[in-house]
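First comes the structure, then the notes that go with it.
The values are calculated or read from the model by the stated rules, or taken from the named source; none is laboratory data. Being a predicted model, the structure only gives us computed values, none of them experimental. As a convention, Cβ positions derive from the backbone with ideal geometry for all residues, glycine included, and neighbour counts pool all protein chains shown.
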């Protein structure tokens with residue numbers, strides 16, 4: 001899927017509407033599950049202890065993507 005938004009835009013949207021800063025590795029995991037083509041970043045967590053998205057991450061990131069792609 002082609003993206004019409006940046007990680008920075010997602011971070012700003014989540015900060016403004018949800019009041020916290022989402023990490024880029026969390027954004028990548030959620031975008032990948034949503035079907036977007038995302039490359040694996042070297043700082044995305046170790047295989048032994050990957051960081052898992054929280055419920056608020058699973059709500060906030062798709063909301064930001066929907067908002068940014070519907071502009």
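Summary of computed values
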quantity: Tally, over segment 18-34, of residues that are part of a helix (DSSP H, G or I) and either within 15 Å of residue 58 (Cβ to Cβ) or touching a strand residue (DSSP E or B) at 6+ places or on another chain (Cβ under 6 Å) (or both); calculated: 10
quantity: Tally, over segment 1-17, of residues that are modelled with pLDDT of 95 or more and over 13 Å from the mean Cα position of the chain (by Cα); calculated: 2
quantity: Verdict on residue 63 being over 13 Å from residue 7 (Cα atoms), surrounded by 15 or more Cβ atoms within 10 Å (Cβ to Cβ) and at pLDDT 95 or above; calculated: yes
quantity: Test for residue 7: is it in contact with a helix residue (DSSP H, G or I) (Cβ under 7 Å, 6 or more places away or on another chain) and touching a residue at least 40 places away in the same chain (Cβ under 8 Å); calculated: no
quantity: Matching residues in segment 31-60 - criterion: being modelled with pLDDT under 90 and surrounded by 13 or more Cβ atoms within 10 Å (Cβ to Cβ); calculated: 38, 44, 45, 51
